[in-house]
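The values are calculated or read from the model by the stated rules, or taken from the named source; none is laboratory data. Since the structure is predicted, the reported quantities are computational estimates derived from the model, not experimental observations. Please note: Cβ atoms are built from the backbone with ideal geometry, for glycine as well, and neighbour counts cover all protein chains shown.
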Amino acid sequence: MMGLYQYIWNKITAMRHILLIMIALLAAGVALAKNHKHKKRSRSRPGIESITMQRTGCFGKCPVYVIELDKDGQATYTAYRNTADTGILKKNFGTSRAASIFSKTMSDRTDTCKNTYKAMATDLPGLIFTIRYADSVKKINNANFGPPVLRQLADSLDALIGKRTDDSWHR
């Protein structure tokens, strides 16, 4: 009878060892998964250096201009046609205003947008974004046919110009 108890005890002990090994492997897997998630976050895209928005012409009187905003808040507005002013104008909006626009652009994940969106009409003006990061450049053509976040970005950059440039802009 003692042999049977010893046999059962040995089996239980073996199963406990197997169970402990399984728990240790599971804990190691969880730790690796957490570490992998942490590494993914730490490899995030570097900050935005500048955003350039270009509005192209149409068959009518669409304004044609380019506005570039640097991370230091310096904006360069180059007006070509059908705008209140023409030529190259500059204005500094400050780093906090630029940071606000850049932060929203990063949180909206514009870096995941397509490079080109299909034009739905030939007469509409084009909207082209060039977003410069420290290590790369993202260019988005026909952004007006892209997701709403691109139109929101265009609105925030257009708001820098306003209806008409004023005396705070310098040539």
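So here's what we get for this one:
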| quantity | calculated |
| --- | --- |
| LYS118 vs. criteria surrounded by 10 or more Cβ atoms within 10 Å (Cβ to Cβ), of a type in the set (D, E, K, R) and either over 13 Å from MET53 (Cβ atoms) or in contact with a helix residue (DSSP H, G or I) (Cβ under 6 Å, 6 or more places away or on another chain) (or both) | no |
| Filter pass, PHE145 being in the same structural domain as GLN54 (by TED's automatic domain parsing), closer than 20 Å to ILE88 by Cα and in contact with a strand residue (DSSP E or B) (Cβ under 9 Å, 6 or more places away or on another chain) | no |
| Selected residue [touching a residue at least 40 places away in the same chain (Cβ under 8 Å), crowded, with 18+ Cβ neighbours inside 10 Å, touching a Cys at 6+ places or on another chain (Cβ under 7 Å) and not β-branched (Val, Ile, Thr)] from LEU150, LEU157, LEU124 | LEU150 |
